[in-house]
């Protein structure tokens, strides 16, 4: 199973779910984790737009899995606790669009930037999902990992909706960062909030 296969399977499912949300829960916060997130989030947005219920501040593409992987892989090199080794990951959620900002992590110096080890490390973060698909011999993707990432992001959002402030996490959202270049959605550090739902940092 390739990423194209995943998209072909998931695209119509995501579209139909978005249409059902538009009819039955138009004010819901929607967290999309179906691959490919960089394609399925825009499908949800267009479906909601067509239904007249699109609110970009309530639509999130979950890229938390990239963050979890980056933290885990970096901590294994740096000898640190993954929970205490945050790595911001920006861009998209597919291959080379996944950009870990290692220089912004306190443990980022464990890998010399530009070295062969650094290149291999970044490649592993970007393509770990493909490794899992290959290891499963076409029988699926990183399902348990995705469930963990979804739960982690959902908990952050629920804490925000209960009034906690200052929660910042990377997520794939409609973003002003590169809108002038025709890039409507982008994953970057976002501060979750109740009144505006999120603020791109």
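Things to note:
- Count of the range 24-39 residues, restricted to those that are modelled with pLDDT of 95 or more and either within 23 Å of residue 97 (Cβ to Cβ) or in contact with a helix residue (DSSP H, G or I) (Cβ under 7 Å, 6 or more places away or on another chain) (or both), is 5.
- Residues in the range 155-201 that are part of a loop (DSSP other than H, G, I, E, B), touching a strand residue (DSSP E or B) at 6+ places or on another chain (Cβ under 7 Å) and under 22 Å from residue 94 (Cα atoms): 175, 176, 177, 178, 184, 201.
- Exactly one residue out of 122, 96, 67 is at pLDDT 85 or above, in a helix (DSSP H, G or I) and within 13 Å of the chain's Cα centre (by Cα), and it is 67.
- Residue, surrounded by the most Cβ atoms within 10 Å (Cβ to Cβ), within the range 53-64, restricted to residues that are in contact (Cβ under 8 Å) with a residue 24 or more places away in the chain, farther than 23 Å from residue 97 by Cβ and more than 15 Å from the chain's Cα centre (by Cα): 53
- Checking each residue of the range 137-149 against the condition of being more than 12 Å from the chain's Cα centre (by Cα), modelled with pLDDT of 85 or more and crowded, with 21+ Cβ neighbours inside 10 Å gives no match.
- Checklist (1) at pLDDT below 85; (2) surrounded by fewer than 19 Cβ atoms within 10 Å (Cβ to Cβ); (3) closer than 26 Å to residue 9 by Cα applied to residue 195, failing item: (3)
- If you go through the range 72-87 and pick out every residue that is within 15 Å of residue 126 (Cβ to Cβ) and crowded, with 22+ Cβ neighbours inside 10 Å, you end up with 2.
- Looking only at residues in the range 99-116 that are without any contact (Cβ under 8 Å) to a residue 12 or more places away in the chain and part of a helix (DSSP H, G or I), the one that is surrounded by the most Cβ atoms within 10 Å (Cβ to Cβ) is 109.
- Residue in the range 39-61 that is closer than 20 Å to residue 157 by Cα, part of a loop (DSSP other than H, G, I, E, B) and touching a strand residue (DSSP E or B) at 6+ places or on another chain (Cβ under 8 Å) present: no
- Given (1) closer than 24 Å to residue 100 by Cβ; (2) assigned to a helix (DSSP H, G or I), index of the condition residue 21 fails: (1)
- The numbered conditions (1) surrounded by 20 or more Cβ atoms within 10 Å (Cβ to Cβ); (2) on the phi < 0 side of the Ramachandran plot; (3) touching a helix residue (DSSP H, G or I) at 6+ places or on another chain (Cβ under 7 Å) are all true for residue 96 except (1).
The values are calculated or read from the model by the stated rules, or taken from the named source; none is laboratory data. The shown structure was predicted, so the numbers you read here are calculated from the model rather than taken from an experiment. All Cβ positions, glycine included, derive from the backbone under ideal geometry; neighbour counts span all protein chains shown.
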